[in-house]
1. Can you compute 3J(HN,Hα) from phi for each residue in the stretch 132-146, using the Karplus curve 6.51 cos²θ - 1.76 cosθ + 1.60 with θ = phi - 60°, rounded to whole Hz and x for Gly and Pro?
2. What spacing in nm lies between the two simple spin-label points modelled at SER16 and ARG133, each 7 Å away from Cα in the Cβ direction?
3. FRET efficiency for ALA67 and THR4, Cβ-Cβ distance as r, R0 = 25 Å, nearest 0.05?
4. Could you tally the net charge around THR155, taking each other residue with its Cβ under 15 Å from the Cβ of THR155, Lys/Arg +1 and Asp/Glu -1?
5. Net charge near ARG138: determine it from the other residues with C-beta under 14 Å of the C-beta of ARG138, scoring Lys and Arg +1 and Asp and Glu -1.
6. Put a dot 7 Å past each Cα toward the Cβ at ARG78 and PHE27; how far apart are the dots in nm?
7. What distance in nm separates the simple spin-label points at ARG160 and PHE55, each placed 7 Å from Cα in the Cβ direction?
Amino acid sequence: MLQTLSGWLGDLPLGSLYAAIAALSAFENFFPPFPSDAVIAFGSFLADRAHGSPFTVFLLAWFGNVAGAGVTYTLGRRFGAKVFLRRIERYAGPDAEDRIKKLHKKYGFAGLFVSRFLPGVRAIVPPFAGAMRLPAFRVMLSVASASAVWFALITFLAFRAGDNWDLVQRYLVRSGKVAGAIAIAIVVLAVGIWLGKRRTRDRE
């Protein structure tokens with residue numbers, strides 16, 4: 001699949017490439033096995049070679065992903081998460097729903113933010129959040145924030161690599177681990193600060 005998409009993207013003019021990046025970024029929300037990170041990175045790499053704008057690539061990838069997440073959140077809220085679970089549980093794992101619920105119960109919306117960095121889980125966060133009737137604004141804020149961090153990183157690496165696509169691929173693997181670790185560290189720190197303030201108020 002990746003080779004076919006790479007060949008197709010390589011034949012597109014810059015304007016069509018921009019549109020494809022937005023569409024493919026959104027598609028991940030409906031088909032989690034789709035290798036969106038690699039595809040968006042390759043699209044960014046091609047845009048750089050065509051003298052495109054990194055800001056435009058980032059904005060379109062981010063907007064497409066968030067828009068797709070918004071649609072699946074709405075569908076999850078309307079029809080429940082089981083519709084999605086039947087289709088994607090073999091990719092996300094049978095315990096995906098429990099993992100999301102535990103993350104939200106323990107860390108609140110910060111947990112949803114972190115889960116957007118976890119392959120196999122991030123695509124099912126919006127529909128499950130919708131099915132759980134979590135507030136749309138706060139869910140989408142978590143999704144949009146995490147997507148902004150991730151796509152900014154992908155775009156930066158792709159545009160910085162010059163003609164070295166292999167370098168982009170290596171960085172992509174490393175950056176996924178680093179971004180996830182940073183996100184978890186941020187959540188742990190935020191929860192620690194919140195608990196500290198709460199204990200201080202209780203003592204007063």
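None of the figures in this text is laboratory data; all of them are computed from the coordinates on show. Keep in mind that what you see is a predicted model, and the values were worked out from it rather than measured. Glycine gets a Cβ as well: all are built from the backbone with ideal geometry, and neighbour counts include every protein chain shown.
1. Result, ordered by residue: 7, 6, 6, x, 4, 4, 6, 5, 5, 5, 5, 5, 5, 5, 5 Hz.
2. In this crude spin-label approximation the distance works out to 4.8 nm.
3. Step by step, r from the Cβ atoms, then E = 0.55.
4. 0
5. +3
6. 2.3
7. 1.9
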